[in-house]
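Presented below is the structure to which this report refers.
The values are calculated or read from the model by the stated rules, or taken from the named source; none is laboratory data. All figures in this text were calculated on a predicted structure; none of them were measured in a lab. Cβ: placed from backbone, ideal geometry, glycine included. Neighbour counts: every protein chain shown. For accessibility, only protein heavy atoms count, side chains too; no ligands or nucleic acids. Shrake-Rupley method; radii C 1.70, N 1.55, O 1.52, S 1.80 Å.
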Amino acid sequence: GGLQLALLWFQHMLGGPSLPTAVGSFHTYGEERPRGPFECVLTGKVMGKSKTVSDVQFATAEGQVFAELKGVELHRIPKA
């Protein structure tokens, strides 16, 4: 779900299709797997005309972060 959110954000910010090209790191917190519902929050920046980099946090409805994707890079798919 986090990568799908990053794809939608790229589309919103830069337009056009993209693909994830890198994930800097994935972190989990806590011993137990939390139960839903969950919240997914993306914090990102545009890096030129064809690249975005973002961090995605996954949290419980109470706001407790239980996982993060950091440094999610997406690049525009070139037109054929």
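Is it the case that LYS70 is at pLDDT 95 or above and over 16 Å from LEU7 (Cβ atoms)? Judged against the criteria, LYS70 is a match. In region 47-58, the residue that is least open to solvent (accessible area, probe 1.4 Å) out of those that are touching a Ser or Thr at 6+ places or on another chain (Cβ under 9 Å) and either at positive phi or among the charged types (D, E, K, R) (or both) is LYS51. Determine whether region 59-71 contains at least one residue that is touching a helix residue (DSSP H, G or I) at 6+ places or on another chain (Cβ under 8 Å) and open to solvent by 40 Å² or more (accessible area, probe 1.4 Å). The answer is no; no qualifying residue exists.
Test LYS79 against the stated conditions and say whether it is over 12 Å from the mean Cα position of the chain (by Cα) and buried (at least 16 other Cβ atoms within 10 Å of the Cβ).
Against the criterion (over 12 Å from the mean Cα position of the chain (by Cα) and buried (at least 16 other Cβ atoms within 10 Å of the Cβ)), LYS79 does not qualify.
Among the residues of region 42-78, what is the count of those that are free of Cβ contacts under 8 Å to residues at least 40 places away in the same chain and of a type outside the set (A, V, I, L, M)?
Our first condition is that a residue be free of Cβ contacts under 8 Å to residues at least 40 places away in the same chain; within region 42-78, this holds for 43-51, 53, 55, 57, 59-66, 78.
Within this subset, residues satisfying the condition of being of a type outside the set (A, V, I, L, M) are 43-45, 48-51, 55, 57, 60, 62-64, 66, 78.
Qualifying residue count, region 42-78: 15.
In region 30-40, which residues are modelled with pLDDT of 90 or more and open to solvent by 70 Å² or more (accessible area, probe 1.4 Å)? Result: PRO37, PHE38, GLU39.
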